[in-house]
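Report on one structure; see the data block that follows.
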């Protein structure tokens, strides 16, 4: 029951309070610490960069996940309910549920009205100017792509590892995903971030596919075109650069019947229409149903496991 109570309380925190302030957000701490420690590695030769990046990645993952375990073990020795509250407080930053649909809704409002971007979201729009060559379709596509891919990275993935490894497992996945986003790409960090990128690919393999299936199942519940969603997922998931992100994005493209693309890189559902603005709202609806379904599955799995043990 411990894991069920922790997850329920963490979910309540997410839905009422939302994301923690930057100053006290563990994921931000991990990112900042990684940013500091990455710099010396850039001065090394390529093969040593890989070694340095491997050690750095494993060290940061271990530091944050082990810290979570030690804190919870300490709290459990003091008081059971303090342990439950502490577990929820630590678990919450490892997943991000409600913030994803709030960002999408604000994105739609900004596109429609060209209103000032909220100060907390300026970084999301810093490369977009509605007076330049970026089209509404491109911004709408980016918003839908983001909510589909982040469903895997920010919800399904962390909670998948929470099922098997508890709070430390969710924390470890979130730190790994943060490292991948920082250094897991070609160019400047190619060798330094190669280990983190490959490990994230492996860790996200199952969650990405679960997310895609959840999106298709939710489309079926809404009586949308399930065959189209399935067909697009199967045919287009490999068009994106990584091995995982294309699965939920292609499923979303098929479920919504829109083309999702990154100009000059890839198109998912290329035969579909350019995504109109109202498709953001439909994507949010699909995301909500999918992720709450996943949380329900997690709670049922934890309940069954508790019953078998007890």
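The table below lists the values:
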read-out: Total residues in the stretch 263-306, condition modelled with pLDDT under 90 and either surrounded by 15 or more Cβ atoms within 10 Å (Cβ to Cβ) or in a helix (DSSP H, G or I) (or both); value: 1
read-out: Residue 6 being closer than 19 Å to residue 155 by Cα and buried (at least 20 other Cβ atoms within 10 Å of the Cβ); value: yes
read-out: Selected residue [within 21 Å of residue 200 (Cα to Cα), modelled with pLDDT of 90 or more and either assigned to a helix (DSSP H, G or I) or in contact with a strand residue (DSSP E or B) (Cβ under 9 Å, 6 or more places away or on another chain) (or both)] from 53, 35; value: 53
read-out: Selected residue (only one of 69, 81 is over 16 Å from residue 189 (Cα atoms) and in contact (Cβ under 8 Å) with a residue 12 or more places away in the chain); value: 69
read-out: Some residue of the stretch 276-288 being in contact with a strand residue (DSSP E or B) (Cβ under 9 Å, 6 or more places away or on another chain) and more than 23 Å from residue 109 (Cα to Cα); value: no
read-out: Residue that is nearest to residue 60 (Cα to Cα), among those in the stretch 198-217 that are in contact (Cβ under 8 Å) with a residue 40 or more places away in the chain and surrounded by fewer than 24 Cβ atoms within 10 Å (Cβ to Cβ); value: 199
read-out: First in the stretch 218-246 and buried (at least 22 other Cβ atoms within 10 Å of the Cβ), second anywhere and part of a loop (DSSP other than H, G, I, E, B), Cβ under 7 Å, 6 or more apart; value: 232/269; 236/269; 244/204; 246/240
read-out: Residue list for the stretch 65-82, restricted to those being surrounded by fewer than 20 Cβ atoms within 10 Å (Cβ to Cβ) and touching a helix residue (DSSP H, G or I) at 6+ places or on another chain (Cβ under 6 Å); value: 69, 75, 76, 82
read-out: In the stretch 289-304, residue nearest to the chain's Cα centre (by Cα) [restricted to those that are farther than 19 Å from residue 230 by Cα and touching a residue at least 24 places away in the same chain (Cβ under 8 Å)]; value: 295
read-out: Residue count, the stretch 87-115 (criterion: part of a loop (DSSP other than H, G, I, E, B) and either surrounded by 19 or more Cβ atoms within 10 Å (Cβ to Cβ) or modelled with pLDDT of 90 or more (or both)); value: 3
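The values are calculated or read from the model by the stated rules, or taken from the named source; none is laboratory data. Keep in mind the model is a prediction, meaning the values are calculated, not measured. For neighbour counting, all protein chains shown are included, and Cβ atoms are generated from backbone atoms with ideal geometry for every residue, glycine included.
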